[in-house]
Amino acid sequence: MEQVVNCPRCGDLYMKNAFRDVCSKCSKEEEIMYETVYKFLKQRENRAATIERVVEVTGVDETLIHKWMKKGRLHATHFPNMGYPCDNCGAIINKGKLCTPCVDQIERDLKRIQQEEEFERKKKLNDQATYHAYNKDK
Ligand SMILES: [Zn+2]
Ligand SMILES: [Zn+2]
């Protein structure tokens, strides 16, 4: 779905779509920065670079590198010392959107909600049964 929005980088109006989260001018600039980072990381001796080192050498903003990692354009799993923040708590991760503790927590929460729903459902059935039984006697 396309809509006209302000570019989060420069503030210009542009058509937002699934492939572009900044305006065309900025996305071109980002492409150039991506190339710079990609070339740097392609060199074997830079594989173990930390994100701070990459920022220092390429001058590219850390949040941009995080964005590429999240999108899978840079594979965090290939670079042992690089990662991006968990969507929930900000811990540094290198795959998915959430860190393991957050995933565990969410699974626990989901299970609890399911159990609660199950409990409510049974309670409702029980109530209905009681109600019907009561009305039958009348
Ligand atoms: Zn822009
Ligand atoms: Zn987390």
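Tell me, please, whether a residue that is modelled with pLDDT under 95 and touching a Phe, Trp or Tyr at 6+ places or on another chain (Cβ under 6 Å) can be found in the stretch 75-94.
Within the stretch 75-94 (the criterion being modelled with pLDDT under 95 and touching a Phe, Trp or Tyr at 6+ places or on another chain (Cβ under 6 Å)), the answer is no, since none of the residues qualifies.
Just checking, how many residues over the stretch 10-27 are modelled with pLDDT under 90 and either within 16 Å of ligand 2 (Cβ to nearest atom) or in a loop (DSSP other than H, G, I, E, B) (or both)?
Residues that pass the stated criteria total 3.
Evaluate the stretch 78-101: report whether one residue or more is within 16 Å of ligand 2 (Cβ to nearest atom), over 23 Å from ASP21 (Cα atoms), out of contact with any strand residue (DSSP E or B) (no Cβ under 9 Å at 6 or more places or on another chain) and part of a helix (DSSP H, G or I).
For the stretch 78-101, residues within 16 Å of ligand 2 (Cβ to nearest atom), over 23 Å from ASP21 (Cα atoms), out of contact with any strand residue (DSSP E or B) (no Cβ under 9 Å at 6 or more places or on another chain) and part of a helix (DSSP H, G or I): present.
Considering the stretch 10-25 alone, what residues qualify as being of a type in the set (A, V, I, L, M, F, W, C) and crowded, with 18+ Cβ neighbours inside 10 Å?
Hits for the stretch 10-25 are VAL22, CYS23.
Looking at the stretch 83-135, which of the residues that are of a type in the set (S, T, N, Q) and more than 12 Å from the chain's Cα centre (by Cα) is nearest to ASP61 (Cα to Cα)?
Looking at residues that are of a type in the set (S, T, N, Q) and more than 12 Å from the chain's Cα centre (by Cα), I get THR100.
List the residue pairs whose Cβ atoms are under 9 Å apart, where the first residue sits in the stretch 47-69 and is at negative phi, the second is buried (at least 18 other Cβ atoms within 10 Å of the Cβ) and polar (S, T, N, Q), and the two are 6 or more positions apart or on different chains.
Taking only residues 6 or more apart or on different chains, the pairs are ILE65/THR58.
If you scan the stretch 2-47, which residues turn out to be among the aliphatic types (A, V, I, L, M), within 23 Å of the chain's Cα centre (by Cα) and within 19 Å of GLU62 (Cβ to Cβ)?
First pass over the stretch 2-47, keeping only residues among the aliphatic types (A, V, I, L, M): 4-5, 13, 15, 18, 22, 32-33, 37, 41.
Right, trim to within 23 Å of the chain's Cα centre (by Cα) and you get 5, 15, 18, 22, 33, 37, 41.
VAL22, MET33, VAL37, LEU41, listed by residue number.
Quick check on my filter: what residues within the stretch 62-77 are in a helix (DSSP H, G or I), of a type outside the set (Val, Ile, Thr) and surrounded by 13 or more Cβ atoms within 10 Å (Cβ to Cβ)?
GLU62, LEU64, HIS66, LYS67, TRP68, MET69, LYS70, ALA76
The values are calculated or read from the model by the stated rules, or taken from the named source; none is laboratory data. Nothing here was measured: the structure is a model prediction, and the numbers come from that model. A quick note on method: Cβ atoms are made from the backbone with ideal geometry, for glycine too, and the neighbour counts reach across all protein chains shown.
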